[in-house]
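Encoded as structure tokens, the structure appears first; notes follow it.
The values are calculated or read from the model by the stated rules, or taken from the named source; none is laboratory data. Keep in mind it's a predicted model, so treat the numbers as computed, not measured. Note that each Cβ is placed from the backbone with ideal geometry, even for glycine, and that neighbours are counted across all protein chains shown. We work out accessible area using only protein heavy atoms, side chains counted, and drop any ligands, DNA or RNA first. Shrake-Rupley method; radii C 1.70, N 1.55, O 1.52, S 1.80 Å.
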Amino acid sequence: MADVNELQETKSTAAATAPVTAHVTSRRGFLQIAALAGASVSLASKVARANGEIGFWSKDLSDDQLVQMYRTILRIRWHERTMADKMLTDSNYRGYNHFYAGQEAVATGVCAALRNDGPFDQIDLAYSTHRPTGHALAKGVDMKLMCAENDFRATGLNGGFGAEMHLCDPSVGFIGADGMIGPGPVIASGSAFAFRARGSDQVAVVFGGDGTYATPHFHSALNNAKLLDLPFIYVLENNLYHQYAHYSYSCPHKDIADAARAYGIPATVVDGQDVFQVYNAAKEAVDRARSGGGPTFIEAKTYRYYNHWGAPGAVAGELGAFGYDPLAISSFRPEREVRSWMQRDPVDICRDTLVDWGVMDMATAEQIESDVRTEVDEAFAWAAEQPLCTPEDGLKHVFATGEVPVRQFG
């Protein structure tokens, strides 16, 4: 296998000699070099990791689409950082979160391959976890409304009573977060069955963590998806830890994708820090599902920068959590591991790649980040001015009135 430094040197030389206007050639070359790096490259390397060569679909995206992916990663990153800082410094702030920082490339790459606009019976549906804010923003949920929801404001996305673990916005196909580990895949496969029953070309995607492997819902959903060849995509975000325990404590596989292959489902392992690898795999999965080719399983190797829940161990103004977490009652990850993963940051990889491709320069990248930070600050400021929900509002949407028409399939 080629030495990592040689691969990086080759990438740099190719980028320097290729004309800026030859975006397609440069993109193809970059992704081929990234794929050659293989799965054995260390975490500290800037070269992407995956299980072999995959389709280079990112080369076909327009410059505007590529820049939008970078903007989406930044919107997620600064939402998470700003919310963590408010939890640490603002005693009046009521919000909480299972932070998604570090995993932004997964949600961004997957949702960029989905149909997110249009009538509800035409857009693709995404089911989330109880780490949902990144998925929500990538799918198109309004940031201001989500900020208000997470702070229990009456004008929030779901009236202030759902908050982070129950976010939902059907208008963009974000069907909701999952307050419990496991059921999401089963519900998503039900949507996939409905699509096939209606003859729709929609696709259902479910995001799940490495902890979902040990649930019966994981295996039930994959089994049925394959038996019925459903337009179903399972995106497993393997960030190594479910809560505070390493996934090896509950899973015998190094690659959880092996479990999906046992059901006869096409499965791939991608570098979850590289949005372009994620997009490539998602694009192939979506095309397969739309054409009637059945389900796909994508395992994205990634990492979260904060602890399992909230901001313990974090310092306001700094990215990540390295200090003591009183909730960590079992073994926990070492600081060296956290910092090692942060050396392969999704923001850096996306930005540096687009600069290499000539899609934008560093000054443009910095301006985009500045604009995103302003947008995020305005979203949180707007949410803070909204009225709080009242106890009486808790009775809304509990009881149904009227009649439900009988429906018969077949």
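Looking only at the stretch 361-369, decide whether some residue is farther than 27 Å from H98 by Cα and among the small types (G, A, S).
Yes, the conditions are met somewhere in the stretch 361-369.
Give the residue that is farthest from L145 (Cα to Cα), with candidates limited to residues of the stretch 348-381 that are more than 22 Å from the chain's Cα centre (by Cα) and among the hydrophobic types (A, V, I, L, M, F, W, C).
Among them, the one singled out is W357.
Of all residues in the stretch 134-152 being without any contact (Cβ under 8 Å) to a residue 40 or more places away in the chain and acidic (D, E), which is surrounded by the most Cβ atoms within 10 Å (Cβ to Cβ)?
For the stretch 134-152, the residue satisfying everything is E149.
Which residue, of A257, A262, A204, A267, is at negative phi, surrounded by fewer than 21 Cβ atoms within 10 Å (Cβ to Cβ), among the aliphatic types (A, V, I, L, M) and more than 13 Å from the chain's Cα centre (by Cα)?
A262 is the lone residue from the list that is at negative phi, surrounded by fewer than 21 Cβ atoms within 10 Å (Cβ to Cβ), among the aliphatic types (A, V, I, L, M) and more than 13 Å from the chain's Cα centre (by Cα).
For P295, only one of the following conditions fails: (1) closer than 30 Å to A225 by Cα; (2) at pLDDT below 90. What is its number?
(2)
Tell me the residue from F193, F161 that is more than 25 Å from W341 (Cα to Cα), open to solvent by 10 Å² or more (accessible area, probe 1.4 Å) and at pLDDT below 95, please.
Criteria check complete, one pass: F161.
Restricting the search to the stretch 166-182, which residues are open to solvent by 40 Å² or more (accessible area, probe 1.4 Å) and more than 21 Å from I123 (Cβ to Cβ)?
Residues satisfying the conditions are M180, I181.
How many residues does the stretch 218-240 hold that are more than 17 Å from G292 (Cα to Cα) and small (G, A, S)?
Final tally of qualifying residues: 2.
Checking the condition closer than 13 Å to P295 by Cα and either basic (K, R) or touching a Phe, Trp or Tyr at 6+ places or on another chain (Cβ under 8 Å) (or both), which residue from A163, A197, A267 passes?
Exactly one of A163, A197, A267 is closer than 13 Å to P295 by Cα and either basic (K, R) or touching a Phe, Trp or Tyr at 6+ places or on another chain (Cβ under 8 Å) (or both), namely A267.
Can you tell me how many residues within the stretch 56-74 are open to solvent by less than 40 Å² (accessible area, probe 1.4 Å) and assigned to a helix (DSSP H, G or I)?
Summing the residues that are open to solvent by less than 40 Å² (accessible area, probe 1.4 Å) and assigned to a helix (DSSP H, G or I) in the stretch 56-74 gives 9.
Would you pick out the residues in the stretch 270-292 that are surrounded by fewer than 16 Cβ atoms within 10 Å (Cβ to Cβ) and either on the phi < 0 side of the Ramachandran plot or in contact with a helix residue (DSSP H, G or I) (Cβ under 6 Å, 6 or more places away or on another chain) (or both)?
Residues satisfying the conditions are D287, S291.
Within the stretch 207-226, which residues are in a helix (DSSP H, G or I), open to solvent by less than 20 Å² (accessible area, probe 1.4 Å) and among the small types (G, A, S)?
G211, A221, A225
Give me a count of the residues in the stretch 357-382 that are assigned to a loop (DSSP other than H, G, I, E, B) and either surrounded by fewer than 16 Cβ atoms within 10 Å (Cβ to Cβ) or on the phi < 0 side of the Ramachandran plot (or both).
Result for the stretch 357-382: 4.
For I187, work out the one condition from (1) touching a residue at least 60 places away in the same chain (Cβ under 8 Å); (2) assigned to a loop (DSSP other than H, G, I, E, B); (3) open to solvent by 20 Å² or more (accessible area, probe 1.4 Å); (4) not acidic (D, E) it doesn't fulfil.
Against the list (1) touching a residue at least 60 places away in the same chain (Cβ under 8 Å); (2) assigned to a loop (DSSP other than H, G, I, E, B); (3) open to solvent by 20 Å² or more (accessible area, probe 1.4 Å); (4) not acidic (D, E), I187 comes up short only on (2).
When you go through L354, L319, L327 one by one, which is the residue that is more than 21 Å from K59 (Cα to Cα) and either crowded, with 18+ Cβ neighbours inside 10 Å or at pLDDT 90 or above (or both)?
Unique residue meeting the criteria: L319.
List every residue pair whose Cβ atoms sit under 9 Å apart, with the two residues 6 or more apart in sequence or on different chains, where the first one lies in the stretch 154-165 and is under 18 Å from S128 (Cβ atoms) and the second, anywhere, is of a type in the set (V, I, T) and modelled with pLDDT of 85 or more.
L157/V141; E164/T133
Say we look at the stretch 112-133 and pick out the residues that are under 26 Å from V338 (Cα atoms) and either in contact with a helix residue (DSSP H, G or I) (Cβ under 6 Å, 6 or more places away or on another chain) or of a type in the set (F, W, Y) (or both); which of these is least open to solvent (accessible area, probe 1.4 Å)?
S128
Among the residues of the stretch 391-406, is there at least one that is outside any helix (DSSP H, G or I), at pLDDT below 90 and among the acidic types (D, E)?
The answer is yes; a qualifying residue exists.
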